[in-house]
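Below you'll find the structure, written out as structure tokens, and then a few comments.
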Amino acid sequence: MTDKTMTPDEVVARLESGMTLGIGGWGSRRKPMALMRALLRSGITDLTVVSYGGPDVGMLAAAGRIRKLVAPFATLDSIPLEPHYRAARERGAFELTEVDEAMFMWGLHAAANRLPFLPVRAGIGSDVMRVNPGLRTVRSPYEDGETFVAMPALRMDAAFVHLNRADRLGNGQYLGPDPYFDDLFCEAADRAYVSCERIVDTAELTKEAAPQTLLVGRHTVAGVVEAPNGAHFTSCAPDHRRDEAFQKHYASTPWPEFAERFLSGSEQDYQRAVQAWREEHEESEEHGDRKAHEKKQKKEGA
């Protein structure tokens with residue numbers, strides 16, 4: 001057994017421009033953001049990105065790193081459409097394969113099982129075939145003769161996922177409400193890298209949680225990164241909620257300004273910059289509350 005612990009920068013050093021990269025999580029939930037920030041610090045570009053998209057997609061799109069995106073959506077959850085993704089799409093910055101959520105899932109299943117495709121009912125009767133003219137249908141060879149969409153396998157060169165806990169061998173555990181298909185991302189990729197809130201001894205993984213929370217097996221993982229708060233600003237229940245205030249700031253700030261302040265240094269620099277912003281934000285809110293209170297008192301006095 002091998003100790004697979006790495007730093008975010010060591011993970012990114014194993015990637016190359018032009019690769020197909022899968023990114024786990026869902027929307028703005030449990031995204032491997034520390035690994036994404038390391039990727040943005042690198043010169044890697046021309047990526048094909050496979051994701052249930054959130055700010056991972058938005059940041060890569062804003063930075064001009066995506067050649068092609070395969071996704072069912074790109075959302076911040078509380079903000080329905082990821083704004084930096086939308087801006088990039090509106091200017092035609094990359095190619096898009098947009099499929100139904102279930103089609104996407106079966107594409108992951110096909111890749112995990114090393115199949116070229118899997119037949120799915122999802123997509124039949126919708127515009128998915130029109131907007132993706134490369135998709136094909138297959139007919140059942142049995143008496144039913146039903147027609148299905150032949151969803152191609154979503155094979156990836158590498159995948160990033162973020163979990164609550166992991167050991168040094170690559171076993172990963174989620175403690176929140178949903179696995180978000182992170183196991184499929186790991187199985188569908190040639191190499192998978194897991195970041196986690198905390199690295200623990202293997203025995204601890206099942207000490208206080210059910211065995212089925214052991215989502216990712218070490219045989220699918222090439223590297224493990226301990227990244228406390230590494231999903232920020234997305235949620236990572238039960239370790240932390242989504243940072244809604246900071247997410248709104250991200251969504252409403254011009255990309256060059258956001259990148260300069262928060263993404264121009266190391267992961268530690270990012271966490272310090274967020275803390276400084278939070279203090280400024282809280283001070284501004286307190287000042288606003290005082291002004292509102294003073295205004296109210298003057299109105300009542302009049």
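The values are calculated or read from the model by the stated rules, or taken from the named source; none is laboratory data. Quick caveat: nothing in here was measured; it's all calculated off a predicted structure. Cβ coordinates were reconstructed from backbone atoms using ideal geometry, including for glycine residues, and neighbour counts include every protein chain displayed.
Structure notes:
- Test: residue in the range 55-72 that is assigned to a strand (DSSP E or B), without any contact (Cβ under 8 Å) to a residue 24 or more places away in the chain and within 13 Å of the chain's Cα centre (by Cα): no
- Within the option set Ala150, Ala210, Ala112, being surrounded by 14 or more Cβ atoms within 10 Å (Cβ to Cβ) and under 24 Å from Arg29 (Cβ atoms) holds for one residue only, Ala112.
- Residue match in the range 33-43 (condition: in contact with a Leu (Cβ under 8 Å, 6 or more places away or on another chain), part of a loop (DSSP other than H, G, I, E, B), in the same structural domain as Ser126 (by TED's automatic domain parsing) and surrounded by 19 or more Cβ atoms within 10 Å (Cβ to Cβ)): no
- Matching residues in the range 196-222 - criterion: being hydrophobic (A, V, I, L, M, F, W, C) and assigned to a loop (DSSP other than H, G, I, E, B): Val200, Ala209, Ala210
- No other residue among His232, His249 is of a type outside the set (D, E, K, R), out of contact with any strand residue (DSSP E or B) (no Cβ under 9 Å at 6 or more places or on another chain), touching a residue at least 24 places away in the same chain (Cβ under 8 Å) and surrounded by 15 or more Cβ atoms within 10 Å (Cβ to Cβ) apart from His249.
- When each of Val99, Val120 is tested for being within 24 Å of Leu60 (Cβ to Cβ), surrounded by 18 or more Cβ atoms within 10 Å (Cβ to Cβ) and among the β-branched types (Val, Ile, Thr), the lone residue that passes is Val99.
- Number of positions in the range 199-233 that are of a type in the set (S, T, N, Q) and under 22 Å from Leu15 (Cβ atoms): 1
- Ala227 fulfils the conditions (1) touching a Lys or Arg at 6+ places or on another chain (Cβ under 6 Å); (2) closer than 20 Å to Gln268 by Cβ except for a single criterion, (1).
- Residue match in the range 18-30 (condition: without any contact (Cβ under 8 Å) to a residue 40 or more places away in the chain and surrounded by fewer than 19 Cβ atoms within 10 Å (Cβ to Cβ)): no
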